[in-house]
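Read through the structure below, which is laid out as structure tokens, and then see the notes.
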Amino acid sequence: MNPTATSIERSGTTVKIDASGVYYRDLNTVLREVVTGDVERIDLVNICGQRYIGTDLGREVEINIHGTPGNDLGAFMDGPRINVYGNAQDGCGNTMNEGEIVIHGHAGDITGFSMRGGKIFIRDNVGYRVGIHMKQYLSKVPSLVIGGTAQDFLGEYMAGGILVVLGLNLRAGETHKANFIGTGMHAGVMYIRGSVERHQLGKEVGIVELNAQDRENLDLLVAEFANHFGYDAKEILAGDFIKLLPLSLRPYGRLYAY
Amino acid sequence: MKDTANHYNPYGDDKVIAACSIFGMMDTSGRRFSGVDITKAIANMHDRGNGLGGGFGVYGIYPEHADHYALHIMYEDKLTQRDVEDFLRDNFHVAFAEEVPTRRAAAIKSPPIVWRYFVYPNSRRPADRSNDDYVVELVMKINTGFRDACVFSSGRNMGVFKGVGYPEEISEYFRLEEYEGYLWTAHGRFPTNSKGWWGGAHPFSILDWTVVHNGEISSYGINRRFLEMFGYICTMHTDTEVVAYAVDLLLRRHGLPIEAAAKVMAPPLWSHIDRLPDNEQALYKSLRQVYSSLLLNGPFTIIVAHEGEMIGLTDRIRLRPLTAGVKGDVLYLSSEESAIRLICPDLDKTWTPMGGEPIIGRLKTNKEGKAVTIEECAVA
């Protein structure tokens with residue numbers, strides 16, 4: 001694979017990179033090189049399937065992506081703030097540690113996979129197994145907010161963090177379609193706006209009432225969500241939310257204990 | 001043994017990020033187009049494969065021989081070719097035969113000899129056998145009876161082109177920019193449990209059925225034994241082969257609608273069936289009982305195609321990706337959305353289908369002359 005010639009324009013603290021036909025390794029190498037000195041913003045245009053964008057940059061920087069980024073967008077990311085003006089593919093935010101990803105569209109399967117810090121906001125729907133094995137420790141509490149609805153195994157094996165589904169594109173009276181929500185969940189919390197039937201939930205979660213702390217969590221996250229995508233936070237917060245909590249910290253502790 | 005590590009892992013990484021790539025595009029108005037776009041699209045997912053298999057299925061390419069079965073056959077040597085051609089002349093009218101045109105492509109190493117034959121059953125076909133059944137039987141005879149020959153395409157007005165290499169290399173080698181069809185499927189392979197060889201590349205095909213697949217059919221053994229009872233003999237050493245024969249059995253021979261066949265291969269879970277209305281429960285229970293041996297276990301996304309129809313399907317808990325897109329009359333199916341966007345940036349809509357729910361594109365005028373649109377079939 002030959003390194004691809006990349007067109008880079010600098011103006012002040014902004015760098016614009018045309019990524020058409022650029023191989024993902026070369027693009028990420030270029031990103032590592034340009035994120036130095038006083039660069040505050042990187043505009044990526046003609047992105048089409050390049051993987052791992054935003055990984056290994058290790059500091060705060062704004063990255064605006066025009067096009068469709070490839071799998072594992074923001075994997076292991078530690079600091080940058082990514083805006084995607086389009087849709088994201090699978091594995092977005094894989095194990096990210098710090099920073100923010102804002103998707104002005106939909107995202108694929110396993111979004112927020114093993115996320116351990118930072119925030120992800122998705123305007124529309126997400127795929128399967130979103131939020132799988134999110135975790136948290138002390139002050140590191142990852143948040144994932146989905147404007148539309150999710151597919152099956154939402155929050156599977158969740159071990160921490162806050163997962164919010166707003167159901168903004170559901171019609172009146174329509175329930176979320178996801179099944180096996182929270183299967184294997186053993187820590188963290190999930191808030192779902194709009195209705196789900198009991199049989200759609202995994203065996204390991206229960207529905208509980210929201211308390212003052214939950215309302216505070218939601219107020220903050222929904223305000224940010226509304227701000228990103230031009231919604232009215234009050235209107236969203238006026239809807240009915242349910243809260244899902246794990247029933248056990250070790251749901252499979254006795255699985256192999258005979 | 002030849003060390004292929006440098007070929008598929010030039011960076012010497014300890015982890016290879018590959019998975020298979022699949023892509024399908026169909027113009028439901030019947031307009032034919034070349035292989036240029038699908039080659040670009042599948043090449044955009046280069047890293048999902050490892051160069052040990054690439055291939056294409058294309059429909060509507062042989063209108064001048066539309067009534068004849070187009071047999072694409074690969075041979076290891078001229079001697080085998082002579083024997084197989086004698087066998088073809090004994091059992092078929094051979095209307096036309098030629099070597100499949102290729103060009104020198106640096107990446108394609110030691111290719112087999114590949115010929116195509118436009119044939120029709122002759123008087124040897126028993127009266128109680130349909131033309132299609134006769135062709136299936138003789139394809140099986142060639143694939144099991146001649147050591148160094150492999151029939152890898154046997155439908156009418158369609159063809160499979162495949163081999164060892166990345167799909168874009170296979171496309172270059174077989175000059176696919178020179179063909180036109182209304183429906184194309186493509187595959188980039190990352191073999192997991194079997195070796196990379198020319199016959200083992202996707203699509204797998206029988207008659208005009210083709211299948212490209214990303215995943216692993218762990219029920220292969222059960223599926224294969226069931227299919228053997230109906231005369232299908234697996235010779236390609238790869239799990240996906242059973243899917244091609246399963247769709248031929250279910251859709252052509254048993255006459256199931258595709259919606260039902262999808263529920264045979266990816267049946268609803270029992271817990272889901274329990275919540276359905278009585279008549280649907282009865283249907284899904286019968287399908288699970290009658291065809292339990294055709295349930296495809298393990299992770300899969302497949303694109304099945306045949307004359308006038310393209311179907312995308314994942315396993316019921318979607319352990320492999322599939323994105324669908326629509327632009328006007330064209331339906332796209334892909335492992336990754338970016339591959340679709342590369343050749344069609346302004347899609348009308350894209351979505352990820354639910355596991356086990358088929359996405360179906362049909363020619364707007366189907367066999368019954370009934371108008372069908374993508375929008376009706378492809379419900380998100």
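We did not get these values from a lab; they are worked out from the coordinates using the rules stated. If you're wondering where the values come from, they're calculated on a predicted model, not measured in any experiment. A quick note on method: Cβ atoms are made from the backbone with ideal geometry, for glycine too, and the neighbour counts reach across all protein chains shown.
Numerical summary
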| read-out | value |
| --- | --- |
| Percentage relative contact order, the stretch A:106-256, counting C-alpha pairs under 8 Å, at least six apart | 18 |
| Taking the C-alpha atoms of the stretch A:179-258, convex hull volume expressed per residue in Å³ | 108 |
| Debye log10 I(q)/I(0) at q = 0.14, 0.16 Å⁻¹ for the stretch A:6-63, Cα point scatterers | -0.32, -0.42 |
| Fraction of antiparallel bridges per DSSP, the protein assembly as shown only, in percent to nearest 5 | 70 |
| Net dipole in debye of the stretch A:108-184 [+1 Lys, Arg Cβ; -1 Asp, Glu Cβ; about Cα centre; nearest 20] | 260 |
| Cα gyration tensor, the stretch A:52-118 - rounded (a/c under 1.5), prolate or oblate | oblate |
| Gyration tensor over alpha-carbon atoms, the stretch B:99-177, equivalent ellipsoid semi-axes in Å | 30, 14, 10 |
| Radius of gyration and maximum dimension Dmax of the stretch B:230-380, Cα, Å | 16.1, 46 |
| Principal-axis tilt of helix A:212-229 within chain A, Cα atoms, nearest 10 degrees | 40 |
| Computed log₁₀ I(q)/I(0) - Debye formula, equal Cα scatterers, no solvent, the protein assembly as shown, q 0.06, 0.09, 0.11, 0.12 Å⁻¹ | -0.35, -0.77, -1.10, -1.27 |
| Charge-dipole axis of chain A as Lys and Arg at +1 and Asp and Glu at -1 on Cβ define it, positive-most pick from A:PRO69, A:LEU255, A:GLN200 | A:LEU255 |
| Sequence-separation-based contact order of chain A, relative, with Cα cut under 8 Å and 6+ spacing, percent | 9 |
| 0 to 90° range, to nearest 10: angle between helix A:24-34 axis and chain A longest Cα axis | 70 |
| log₁₀ of I(q)/I(0) at q = 0.14, 0.15, 0.24, 0.27 Å⁻¹ - the stretch A:161-210, Debye sum with one point per alpha carbon | -0.35, -0.40, -1.00, -1.21 |
| Viscosity 0.692 mPa s, temperature 37 °C, Stokes-Einstein D of the stretch A:106-256 from Kirkwood C-alpha radius, µm²/s | 218 |
| Against the rule of thumb 2.2 N^0.38 Å, how large the Cα Rg of the stretch A:1-119 comes out | 0.96 |
| Inter-part distance where the stretch A:200-232 and the stretch B:126-155 are each reduced to a Cα centre, Å | 60 |
| Cα gyration tensor category, rounded, prolate or oblate, for chain A with a/c compared to 1.5 | prolate |
| Positive-end residue of B:ALA282, B:GLY165, A:GLY118, charge dipole of the protein assembly as shown with Cβ unit charges | B:ALA282 |
| Cβ-placed point charges (K, R +1; D, E -1), dipole of the stretch A:106-256 about Cα centre in debye, nearest 20 | 480 |
| Magnitude of the charge dipole, the protein assembly as shown, Cβ model with Lys/Arg +1 and Asp/Glu -1, debye to 20 | 1080 |
| Mean Cα-pair separation over length for chain B, i.e. relative contact order, pairs under 8 Å, 6 or more apart, % | 22 |
| Three-way shape label, chain B, alpha-carbon gyration tensor, a/c 1.5 | rounded |
